[in-house]
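Asker: After the structure tokens below, expect a handful of questions from me.
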Amino acid sequence: MRLGIVMGTGHGARGTTGQLVDQLVERVAATGDLTVDTVCTDDLDLGPSCPACLSCMTAGEQACPSYDRTAPARRVMDEADLVLFATPVHSFHVSATMKRFVDHFAYLIHRPAYVGKPAALVSTAAGAGHDAALGYLRTAVRAGGSTPSASSASTVRGWPRRRTGPRSTPPSTTWARPSVARRRTPPSLGQRPPT
Ligand SMILES: Cc1cc2nc3c(=O)[nH]c(=O)nc-3n(C[C@H](O)[C@H](O)[C@H](O)COP(=O)(O)O)c2cc1C
């Protein structure tokens, strides 16, 4: 099987999302032949956002100013038997880099290219927002014609860190890097972590 992975995290393979995806790949690889092509959305150099020129919709995707930079990702998705989209939850949504990626392929909503192609969706979070992030990805992937056959959420245990100061201490403005220990949640999404 050829697996295409779209990684919407700036933390790469060593981040929480990357490590979770690695574990999934290991398990799939154990079941048979597997070729994996990975696209890190942050590496595509897509600029701050989609330029919103609508050229991809009106003149064809080749008219996108970022076409050359999106083309390798398009190839990975085209050639894959299954595409896995993975994102951390950022402010109850997908990461900005994943959103920017989806925006650059918005023409697929009008010209679905992946009818019948299975997709799997993964999100990681400190505890909340899986439902919105995975719901959005599901909508985007379906709009492109693909069939999200599985979605999974993983909640990082131990975040936010327990406060050590008095109750009046304002919350830290530094987001702690999560520990790699994870609790797998069932697909009932959006649960809070245990306190
Ligand atoms: C800007 C930002 C926003 C975040 N928003 C949320 C959130 O809304 N809900 C949540 O549970 N975790 C949130 N987190 C925590 C991340 O989802 C979590 O640490 C994730 O597993 C990190 O994956 P990564 O290492 O691949 O980046 C946020 C993290 C960042 C950096």
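Asker: Inside the range 1-107, counting only helices (runs of 4 or more DSSP H) that do not spill past its ends, which hold 3 or more residues that are open to solvent by 30 Å² or more (accessible area, probe 1.4 Å) and within 16 Å of the ligand (Cβ to nearest atom)?
Answerer: Counting at least 3 such residues, we get 16-29, 96-104.
Asker: Tally time: how many residues in the range 123-143 are under 20 Å from ALA96 (Cβ atoms) and more than 10 Å from the ligand (Cβ to nearest atom)?
Answerer: Residues meeting the conditions: 10.
Asker: Could I ask something else about it? Is one or more of the residues making up the range 142-155 surrounded by fewer than 15 Cβ atoms within 10 Å (Cβ to Cβ), farther than 23 Å from ASP43 by Cβ and modelled with pLDDT of 95 or more?
Answerer: No, the range 142-155 contains no residue that is surrounded by fewer than 15 Cβ atoms within 10 Å (Cβ to Cβ), farther than 23 Å from ASP43 by Cβ and modelled with pLDDT of 95 or more.
Asker: Answer yes or no: is there a residue in the range 112-125 that is surrounded by fewer than 16 Cβ atoms within 10 Å (Cβ to Cβ), of a type outside the set (Phe, Trp, Tyr) and in contact (Cβ under 8 Å) with a residue 40 or more places away in the chain.
Answerer: no
Asker: Could you check the range 5-23 and list, in sequence order, the residues that are aliphatic (A, V, I, L, M) and in contact with a strand residue (DSSP E or B) (Cβ under 6 Å, 6 or more places away or on another chain)?
Answerer: ILE5, VAL6, MET7, LEU20, VAL21
The values are calculated or read from the model by the stated rules, or taken from the named source; none is laboratory data. Computed from a predicted model, the values in this text were never measured in an experiment. Note: ideal-geometry Cβ built from the backbone for every residue, glycine included; neighbour counts use all protein chains shown. Quick note on the areas: whole protein, heavy atoms, side chains included, nothing else; ligands and nucleic acids left out. Shrake-Rupley method; radii C 1.70, N 1.55, O 1.52, S 1.80 Å.
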